[in-house]
Amino acid sequence: MDLTYDPAQIKGRTILITGGASGFGAAFGTRWAAAGATVILGDINPSGEEVTARIRQETQNPNVHFIQLDVTSWTSQVNFFRESLRLSPHGGIDTVVANAGINDGREASNFENPKVDYLNDPSPPAPSFKTLDVNITGVMYTVHLALFFLPKNPDSKPCREAASAPESESESEKLLGRDRHILLLGSVASLHPLMTQAPYTVSKHGILGLFRCLRISAPISAGVRVNIVCPYYTDTPFMQAPPRALLAGCPLGKIEDVVDAASYLVADRNCIGRSLVTGPKLKLDPSTGGVGPEYPENKDGSQGFQEREGPVWECYLHDMDPADIFTQRMLTAVHTAVQVRGWFGWAYDIAGALTWPVRQWWNSRSGRR
Ligand SMILES: NC(=O)c1ccc[n+]([C@@H]2O[C@H](COP(=O)([O-])OP(=O)(O)OC[C@H]3O[C@@H](n4cnc5c(N)ncnc54)[C@H](O)[C@@H]3O)[C@@H](O)[C@H]2O)c1
């Protein structure tokens, strides 16, 4: 898949990255600071200060900042966005990357193998779900705040308008229409179950669900484009000893491929509702796009696996057809109806909807008499 992008498009943007002290977050920050963006890393781990200092030195970009952030805390998230706005040279936010994520293995094991005596223990403790707190509640907080702040980005245009604008020669004009972009971090666990890792699988399926909800509605309601990257197992501190041992002898994904995919989505305004999977070259069933052990016959009649060309490919394209066209048409129909009938018609319908339970009750009473 061709991921060519123009780094000049990233220059001057203000980009917030949660979980920026390590792995993908730190690698995104390094690439985008080198391209001239203002990068604001938020992380619960104070080592983000050192990472920030390293990126500043490596890229010679002074506009790299660290803000301590616990994504599971609402007040911490509000502070992260407000502080970022203060640090942004143009007073706005162009891109928010909801990247912070964990997978607590002990929690997953406890979930499937309950050890507490729930029958006799007088006050059995609730199981811990930190993975869901960080990966779902944390991301929902981040995305909710992004949907508030991104449309307020000064001089930004709704994403569809910006994507269709003719390219300008002058740098200042190029920067005029600022961006509104949310990038989500899914996983192959968004697409396939990771056995024994139920909370993580649930959380990443949830992020894919969030993406599928927002990919069409956010551009229409807030002019915000939403994309997702779903990496395969990749060599970051996230990969603990057990998955490394299980995958011994198998190739892992490369951080550079994840950074390439994310940079392409960040830089290119035409990327609206795109979902990219990254990983080593995998052998896929071309008829379903699924990753699996043996497929007896490929669509073209050949036997067994087919090798993909590169480490990045698109997923969930089929989803766009029935589900999202329906959503798009529904929203367009609602907007058109509001415009045509005006606010009086809308208010009449709302009043009708609100009084509907009373009318139902009245009708059923009359029917009974
Ligand atoms: N590495 C992989 O194999 C892989 C594969 C698929 C998806 N992912 C996803 O990519 C994202 C980044 O993973 P990574 O590989 O860079 O992992 P990582 O462990 O290197 O980085 C995750 C960062 O999130 C931070 N974090 C954890 N809890 C936080 C909280 N409450 N508030 C703020 N920050 C918090 C950590 O301190 C850490 O710096 C995650 O969402 C992960 O699920 C990783």
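Below is a table of values for the structure above.
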quantity: Leu69 closer than 22 Å to Gln9 by Cβ and either free of Cβ contacts under 8 Å to residues at least 60 places away in the same chain or away from the ligand (no atom under 15 Å from the Cβ) (or both); calculated: no
quantity: Residue in the range 233-244 that is charged (D, E, K, R) and either surrounded by 21 or more Cβ atoms within 10 Å (Cβ to Cβ) or not assigned by TED's automatic domain parsing to the domain that holds Pro114 (or both) present; calculated: no
quantity: Filter result (crowded, with 20+ Cβ neighbours inside 10 Å and closer than 16 Å to Ala146 by Cβ) within the range 211-221; calculated: Phe211, Leu214, Arg215, Ala218, Pro219
quantity: Matching residues in the range 242-255 - criterion: being closer than 20 Å to Thr201 by Cβ, more than 9 Å from the ligand (Cβ to nearest atom) and among the aliphatic types (A, V, I, L, M); calculated: Ala245, Leu246, Leu247
quantity: Every pair of residues 6+ apart whose Cβ atoms lie under 7 Å, when the first sits in the range 109-137 and is within 26 Å of Ile44 (Cβ to Cβ) and part of a helix (DSSP H, G or I) while the second is of a type in the set (S, T, N, Q) and modelled with pLDDT of 95 or more; calculated: Thr131/Asn103; Thr131/Ser203; Leu132/Ser203; Asp133/Thr72; Val134/Thr72; Asn135/Ser203; Ile136/Ser203; Thr137/Thr72
quantity: Answer residue from the range 154-197, given it is in a helix (DSSP H, G or I) and polar (S, T, N, Q) and is modelled with the lowest pLDDT among those; calculated: Ser172
quantity: Residue count for the range 220-258, restricted to those that are within 14 Å of the chain's Cα centre (by Cα) and either within 30 Å of Glu161 (Cβ to Cβ) or among the aliphatic types (A, V, I, L, M) (or both); calculated: 8
quantity: Every residue from the range 1-27 that is surrounded by 23 or more Cβ atoms within 10 Å (Cβ to Cβ), within 16 Å of the ligand (Cβ to nearest atom) and not in a helix (DSSP H, G or I); calculated: Ile15, Leu16, Ile17, Thr18, Gly19, Gly20, Ala21
quantity: Residues (outside any helix (DSSP H, G or I) and surrounded by fewer than 18 Cβ atoms within 10 Å (Cβ to Cβ)) located in the range 71-101; calculated: Ser73, Pro89, His90, Gly91
quantity: Qualifying position, being at negative phi, in contact (Cβ under 8 Å) with a residue 24 or more places away in the chain, away from the ligand (no atom under 13 Å from the Cβ) and touching a strand residue (DSSP E or B) at 6+ places or on another chain (Cβ under 9 Å), among Val224, Val229, Val188; calculated: Val224
quantity: Total residues in the range 28-70, condition farther than 19 Å from Pro7 by Cα and not in a strand (DSSP E or B); calculated: 14
quantity: Long-range neighbours under 7 Å by Cβ, at least six apart or interchain, first residue farther than 27 Å from Asp179 by Cβ within the range 195-220, second within 16 Å of the ligand (Cβ to nearest atom) and among the acidic types (Asp, Glu); calculated: Pro199/Glu107
quantity: Unique residue being under 20 Å from Ile93 (Cβ atoms) and either assigned to a helix (DSSP H, G or I) or within 12 Å of the ligand (Cβ to nearest atom) (or both) when the list is Val258, Val266; calculated: Val266
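The values are calculated or read from the model by the stated rules, or taken from the named source; none is laboratory data. In this text the structure is predicted, and so the values were computed from the model without any measurement. Heads up, the Cβs are rebuilt from the backbone with ideal geometry, glycines too, and the neighbour counts pull from every protein chain shown.
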